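Visitor: Please read through the structure below; I'll follow up with questions.
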Protein chains: 6
Amino acid sequence: MKTETRDRLRTVSTATVATALFKRGFRIQMIQDVHPLSPDQPVLLGEAFTLRYMPAREDLNTLDVFRDRGHPQRKAIEDCPPGAVMVMDSRKDARAASAGAILVTRLMKRGVAGVVTDGGFRDSAEIAALGFPAYHHRPSAPTNLTLHQAIDINVPIGCGDAPVFPGDVILGDRDGVIAIPAHLADEIAAEAFEMTAYEDFATERVQAGQGIFGLYPATDPKSLEDFAAWRKQNNR
Amino acid sequence: MKTETRDRLRTVSTATVATALFKRGFRIQMIQDVHPLSPDQPVLLGEAFTLRYMPAREDLNTLDVFRDRGHPQRKAIEDCPPGAVMVMDSRKDARAASAGAILVTRLMKRGVAGVVTDGGFRDSAEIAALGFPAYHHRPSAPTNLTLHQAIDINVPIGCGDAPVFPGDVILGDRDGVIAIPAHLADEIAAEAFEMTAYEDFATERVQAGQGIFGLYPATDPKSLEDFAAWRKQNNR
Amino acid sequence: MKTETRDRLRTVSTATVATALFKRGFRIQMIQDVHPLSPDQPVLLGEAFTLRYMPAREDLNTLDVFRDRGHPQRKAIEDCPPGAVMVMDSRKDARAASAGAILVTRLMKRGVAGVVTDGGFRDSAEIAALGFPAYHHRPSAPTNLTLHQAIDINVPIGCGDAPVFPGDVILGDRDGVIAIPAHLADEIAAEAFEMTAYEDFATERVQAGQGIFGLYPATDPKSLEDFAAWRKQNNR
Amino acid sequence: MKTETRDRLRTVSTATVATALFKRGFRIQMIQDVHPLSPDQPVLLGEAFTLRYMPAREDLNTLDVFRDRGHPQRKAIEDCPPGAVMVMDSRKDARAASAGAILVTRLMKRGVAGVVTDGGFRDSAEIAALGFPAYHHRPSAPTNLTLHQAIDINVPIGCGDAPVFPGDVILGDRDGVIAIPAHLADEIAAEAFEMTAYEDFATERVQAGQGIFGLYPATDPKSLEDFAAWRKQNNR
Amino acid sequence: MKTETRDRLRTVSTATVATALFKRGFRIQMIQDVHPLSPDQPVLLGEAFTLRYMPAREDLNTLDVFRDRGHPQRKAIEDCPPGAVMVMDSRKDARAASAGAILVTRLMKRGVAGVVTDGGFRDSAEIAALGFPAYHHRPSAPTNLTLHQAIDINVPIGCGDAPVFPGDVILGDRDGVIAIPAHLADEIAAEAFEMTAYEDFATERVQAGQGIFGLYPATDPKSLEDFAAWRKQNNR
Amino acid sequence: MKTETRDRLRTVSTATVATALFKRGFRIQMIQDVHPLSPDQPVLLGEAFTLRYMPAREDLNTLDVFRDRGHPQRKAIEDCPPGAVMVMDSRKDARAASAGAILVTRLMKRGVAGVVTDGGFRDSAEIAALGFPAYHHRPSAPTNLTLHQAIDINVPIGCGDAPVFPGDVILGDRDGVIAIPAHLADEIAAEAFEMTAYEDFATERVQAGQGIFGLYPATDPKSLEDFAAWRKQNNR
């Protein structure tokens, strides 16, 4: 991801990005029904590195499987590149954990940018306290072996009904998490950055009492003039 | 709504109102599974002004539809009377937003009393910070055009499996939101107000160590005597 | 429950207990999808005392049923032993309340250790403020009579798809609630206590930058040596 | 059940009974989402004899539990009175079977009137071929021990979100199964029998081209006159 | 609808129509999870005439409401034009009926082309025997008054998560029901008719042992030549 | 698969196999909630060849993708070995088709043993008429491109919440479909074959009026003696 793209995406919302993607025909890039573990965690931003779970066959998922350094869950934790976002396909099943605090802490220490599952994390209070961007559906204490077998690293997956390809740009805020197709990241960042300026301007106007007709969207030429003046004034 | 009714309802809970309605044969007036965007937002109270969404047909829901001042979503935002509560039938589908922060801010500035959807709001953190009573199922970033087409203003709707008619009195607290049929608002307010006095009394007694038998409900005459004394003492 | 067992369980997480149970072939002891009413409430710990609800037939569930001291819901509130945890089988149906603040306050005043339902509580904000361990699926204002008839006290039940027998040891933290079969409480407590020491050690190491291979699980003999030293140093 | 009641109920539909119950304030007596195993099976009619399942704890549900004649599932099969209907509370979970062909055949041979579960039966094709009234949600091959532990015989239960008390009169047709509260069976049978006569008359008229206004319901006095004539003519 | 359009649509499948709509950007026109009451019923085809249900408030939904000829459900039955398809928005809730055999028979006798609900019909066996195109989610015996209040006639609705506008062309087969936007009916019919010819040709070839590469889709020029010959030979 | 294993499995039910797997600690091998397209289709038996779908990103799923012979869905249809069963992971989403009649016909003509999806098939009536073992959740007309992108061939997958590995032995009957881990196929076949003999014997006895105690399971030595005689007599 270009630095400029990164800098812009850090300042825009998933809602604005979703609209920019909608304009281009993308309707399902939002990872549905995942939530930040802490309302105070930083913005989530990075390129997707994925982990795929399948249902856990009992004979293949005893506790000693973790003694194998090649176990895909543990390997993924050590392989996920710094700056990337680990995205887990847990088949929207939060009855057992996708991971816990020790693994998430390791991701954080390794410089990974954040972690997302459409299942649940165990040790959720500890993870919430890390100040690390983490998203799940809900807390879930049982070990992943109970229901989830890690099977593939960095393949295309589904997460919360969204398609996620390795390298997609993942952005998360309080509304949730969205996957931006890699080849569109620059143009979406540029457009969302511009849209955000206008939205901030419109929000100010609405806060000041102006109605939405002509302002949002900017069908009144006056709105665009006012916006131009506002940008100058606010260095936006 | 009479001022007296309004004043009383402001001090009672949705739980107490639900019981008063239950006595009269109403079992489904609670809007199911909607939650306040902020735990600190004020009580929600006002008469329902409704907006009905249907599934969004793609050709009728491009971004430029909002350029039309007659678009029902935008029109509803500007038409909802001050003091009313906008209630949105989003078919319990939170995969796309029912509205976002700019529109909700506009409602607030126009003096609207609050907003409820059985779907989700985008820009949920910004809305939560407004200090404005807002309820939804969960945050949802995608633009409403993705799945929801606003089609009717101020018709009877379903919201969270509850029937909501324009003019119904809408009350919301931390437990959620309930719709009081308009013609019953005064008597429900009066009864719930009285019930609340007794509940506060009973809570005090239970906090002081008294058991619930005879006290809750007040089958012991002594309970009613004590309550009478308590009311006098507490000006209730 | 032995004092030692109680003391140990107070310091371990549901996640660790879930793993200790998983080792013994127990996969469904976690009560699914219940949440603490307050993030600040104390740890939940005690032996299960159960209440079973069935769907409420309308003629048997008018408000005056509570005038009967033998009504199972009210009787259960007064009968639940101090130190026990009341666990309610609400058939995973949160459309009506399992109980409200007055009854939960009474439980607290009677010395009960906490309360769990796989439905919802009404007066949820008041309950959250009690500082009493309480878990439900979501807030729900309608009186239990709307949908739930209390029918049995202290029989084996399902709660959140987990089997709960009277006397099972119930442990709850921010991740949720787990039922430990009574006959295993001592050994699970002992094992989880030991596991927790190692997890705390491993967490420290990971925070200090060590990788998980060899450390978690402790396949590297060095890890066990370091752990032994750490225990000595930390009196664990 | 009186013979007359039985004779009448055999000729009426669950739909008609549901309406007669609705008039008396009963809204949830229909067992939701259960289906006949065969479209050709006879009408289901008899008094409820219940079996309650709870989630199956693994250590208590190994295959050898069935060696115990006191096991509640097996005991219930041999105890259910001839003429009764066995109704199973499987917690609406069809992921494992509630029973299979051998047990259902035994019920049939013992003169039991039929069987209902809100879960699923295994050996569904064999059961469908028995000509025995059986209802479930869907076929389910795994042994009940996988998820269901039989725990109580002939207690009040929920089945498909309906309340079912031992002795309730159970009626099933192609639309599904309804529970008639025992004390109302005679009057519901009488009323439904009369309603059915009118419905048959109205159906004939509608088949002959008459409109529904005035006919259904019979607001036009002419309709009642015609009906009287029709009854005489048809010996109804 | 033009006669030619009608004649063509009668011979094509919902699957083929769905693909033709997909090419034009329509993804949600299939009414999800509705099923024919009988596998033998004729093809469903006609223009949509809609009925909207909302949740039934108890005081407004007593049995005597049907005495009013203006009641929207009963009025809709008598107003639906011959040749049209009645489509009911039952909010995907099959816990109570959308209609029963008498009303559906009346629709049939009036020359209506068929009926669709995303809820359920009562008297489902009788309706199945009519030889009339009828689709629902599942059978449901309780009277609609239990949960559904008919509120609007011939407005745009959602049905099974599809948008349905009055006048849309409704087509149903064994796979289910699809809504073709009215302005596209002619071109979709023409295209689907052509596609069907090719699919029939391809099916024959596959039945004869040919592989799908080059044939389906027709990327091999030989396939188009063979198809041209086939059309001539078969008068298609 | 050995011929003997194949011959035995053809004569046993998924229910019996599920019990044999349960004895060995396997609880989730049944593919949940899939149904035969026709009640008359032959038994499904063969080794799994898998296809994995992910959510369909719009830009990668236009109709022309099928022009590519390397498209995983089309390639899988031509690559699936004769005698194998194609098992599709459609993420339990039946809103769009997993495949249609032309592709399923091609599978049949190629000698494939059957097809299973946890989504839905389009052209379901045509597939049902093929006499080919096919299982899905429900019919679904929209092209798979609407929601499903084929992404991987013959990798381990989840299907209906069951783990399915390439080479697992897939068995389907009227109850549904089960995956037997490849390394256990012989012993499961042998054991299920023996169990089936006893079940057939027990069924005969129950049909003849014998009770289940001592017979099912065979805790009475007399039952085993009778069974030995029955086997001799029936050449089993």
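The values are calculated or read from the model by the stated rules, or taken from the named source; none is laboratory data. Since the model is a prediction, treat every value here as computed from it, not as a measurement. No Cβ is skipped: glycine too gets one built from the backbone with ideal geometry, and neighbour counts run over all protein chains shown.
Visitor: Residue pairs, Cβ under 9 Å, 6 or more apart or interchain, first in the stretch D:177-191 and within 14 Å of chain E (Cβ to nearest Cβ), second surrounded by fewer than 17 Cβ atoms within 10 Å (Cβ to Cβ) and in a helix (DSSP H, G or I). List them.
Guide: D:GLU191/D:LYS23
Visitor: Which of the residues that make up the stretch E:163-176 are surrounded by fewer than 24 Cβ atoms within 10 Å (Cβ to Cβ) and within 14 Å of chain F (Cβ to nearest Cβ)?
Guide: E:ARG174
Visitor: Counting just the residues of the stretch C:192-211 that are among the hydrophobic types (A, V, I, L, M, F, W, C) and in contact with a Phe, Trp or Tyr (Cβ under 9 Å, 6 or more places away or on another chain), which one comes out farthest from the other protein chains (Cβ to nearest Cβ)?
Guide: Only one residue fits best here, namely C:ALA197.
Visitor: Residues of the stretch F:42-64 being outside any strand (DSSP E or B) and either at pLDDT 95 or above or buried (at least 20 other Cβ atoms within 10 Å of the Cβ) (or both), which ones? Walk me through it before giving the result.
Guide: Of the residues in the stretch F:42-64, the ones outside any strand (DSSP E or B) are F:42-43, F:56-64.
Listed by number, the residues that qualify are F:PRO42, F:VAL43, F:ALA56, F:ARG57, F:GLU58, F:ASP59, F:LEU60, F:ASN61, F:THR62.
Visitor: Pick out the one residue from F:ALA197, F:ALA189 that is over 26 Å from A:ARG52 (Cβ atoms), touching a Lys or Arg at 6+ places or on another chain (Cβ under 6 Å), among the aliphatic types (A, V, I, L, M) and crowded, with 20+ Cβ neighbours inside 10 Å.
Guide: Working: F:ALA197 fails: crowded, with 20+ Cβ neighbours inside 10 Å.
Within the list F:ALA197, F:ALA189, the selection yields F:ALA189.
Visitor: Further question: Name the single residue that is surrounded by the most Cβ atoms within 10 Å (Cβ to Cβ) among those in the stretch D:19-33 being more than 9 Å from chain E (Cβ to nearest Cβ) and aliphatic (A, V, I, L, M).
Guide: Once the filter is applied, the top-ranked residue is D:ILE31.
Visitor: Looking only at the stretch F:1-13, count how many residues are surrounded by 16 or more Cβ atoms within 10 Å (Cβ to Cβ), assigned to a loop (DSSP other than H, G, I, E, B) and modelled with pLDDT of 95 or more.
Guide: The number of residues fulfilling the criteria is 2.
Visitor: Criterion first (crowded, with 23+ Cβ neighbours inside 10 Å, among the polar types (S, T, N, Q) and touching a Cys at 6+ places or on another chain (Cβ under 8 Å)) does A:THR143 satisfy it?
Guide: Details: crowded, with 23+ Cβ neighbours inside 10 Å: yes; among the polar types (S, T, N, Q): yes; touching a Cys at 6+ places or on another chain (Cβ under 8 Å): no.
Judged against the criteria, A:THR143 is not a match.
Visitor: Do we have B:LEU224 as more than 26 Å from B:PHE26 (Cβ to Cβ), among the hydrophobic types (A, V, I, L, M, F, W, C) and either in contact with a strand residue (DSSP E or B) (Cβ under 7 Å, 6 or more places away or on another chain) or more than 11 Å from chain C (Cβ to nearest Cβ) (or both) here?
Guide: On the way: more than 26 Å from B:PHE26 (Cβ to Cβ): yes; among the hydrophobic types (A, V, I, L, M, F, W, C): yes; either in contact with a strand residue (DSSP E or B) (Cβ under 7 Å, 6 or more places away or on another chain) or more than 11 Å from chain C (Cβ to nearest Cβ) (or both): yes.
For B:LEU224, the condition - more than 26 Å from B:PHE26 (Cβ to Cβ), among the hydrophobic types (A, V, I, L, M, F, W, C) and either in contact with a strand residue (DSSP E or B) (Cβ under 7 Å, 6 or more places away or on another chain) or more than 11 Å from chain C (Cβ to nearest Cβ) (or both) - is met.
Visitor: Ok, one more. On the given criteria, is C:GLY158 part of a strand (DSSP E or B), in contact with a Pro (Cβ under 8 Å, 6 or more places away or on another chain), surrounded by 24 or more Cβ atoms within 10 Å (Cβ to Cβ) and facing another protein chain (nearest Cβ under 8 Å)?
Guide: Judged against the criteria, C:GLY158 is a match.
Visitor: If you don't mind, another one. For the stretch C:35-52, does any single residue satisfy the condition of being assigned by TED's automatic domain parsing to the domain that holds C:CYS159 and farther than 21 Å from C:PHE132 by Cβ?
Guide: Narrowing the stretch C:35-52 to residues assigned by TED's automatic domain parsing to the domain that holds C:CYS159: C:35-52.
Filter once more, so that each one left must be farther than 21 Å from C:PHE132 by Cβ: C:52.
Yes: one or more hits.
Visitor: Sticking with this one: Considering only the stretch C:117-130, I want to know if a residue exists there that is at the interface with another protein chain (Cβ under 7 Å from one of its Cβ atoms) and touching a residue at least 40 places away in the same chain (Cβ under 8 Å).
Guide: Yes, there is a match, as at least one residue in the stretch C:117-130 is at the interface with another protein chain (Cβ under 7 Å from one of its Cβ atoms) and touching a residue at least 40 places away in the same chain (Cβ under 8 Å).
Visitor: State all residues of the stretch D:84-136 that are within 17 Å of F:PRO36 (Cβ to Cβ) and either surrounded by fewer than 24 Cβ atoms within 10 Å (Cβ to Cβ) or touching a Gly at 6+ places or on another chain (Cβ under 7 Å) (or both); if no residue qualifies, say none.
Guide: D:ALA94, D:PHE121, D:ARG122, D:ASP123, D:ALA125, D:GLU126, D:ALA128, D:ALA129, D:HIS136
Visitor: Would you check which residues across the stretch B:94-109 are more than 8 Å from chain A (Cβ to nearest Cβ) and within 18 Å of B:ARG69 (Cβ to Cβ) and list them?
Guide: Passing the criteria: B:ALA99, B:LEU107.
Visitor: Right, something else. Report whether or not C:THR16 is buried (at least 23 other Cβ atoms within 10 Å of the Cβ) and either touching a helix residue (DSSP H, G or I) at 6+ places or on another chain (Cβ under 8 Å) or without any contact (Cβ under 8 Å) to a residue 12 or more places away in the chain (or both). Spell out the reasoning first.
Guide: Details: buried (at least 23 other Cβ atoms within 10 Å of the Cβ): yes; either touching a helix residue (DSSP H, G or I) at 6+ places or on another chain (Cβ under 8 Å) or without any contact (Cβ under 8 Å) to a residue 12 or more places away in the chain (or both): yes.
Spelling it out, C:THR16 is indeed buried (at least 23 other Cβ atoms within 10 Å of the Cβ) and either touching a helix residue (DSSP H, G or I) at 6+ places or on another chain (Cβ under 8 Å) or without any contact (Cβ under 8 Å) to a residue 12 or more places away in the chain (or both).
Visitor: When you go through E:ALA134, E:ALA162 one by one, which is the residue that is in the same structural domain as E:ALA56 (by TED's automatic domain parsing), within 30 Å of D:GLN29 (Cα to Cα) and not basic (Lys, Arg)?
Guide: Answer to the check: E:ALA134.
Visitor: Further, regarding this structure: Find all pairs meeting these conditions: Cβ atoms under 8 angstrom apart; at least six residues apart or on different chains; first residue within the stretch C:68-79 and facing another protein chain (nearest Cβ under 7 Å); second residue assigned to a helix (DSSP H, G or I) and hydrophobic (A, V, I, L, M, F, W, C).
Guide: These pairs meet every condition: C:ARG74/C:PHE66; C:ARG74/C:LEU103; C:ILE77/C:LEU103; C:ILE77/C:LEU107.
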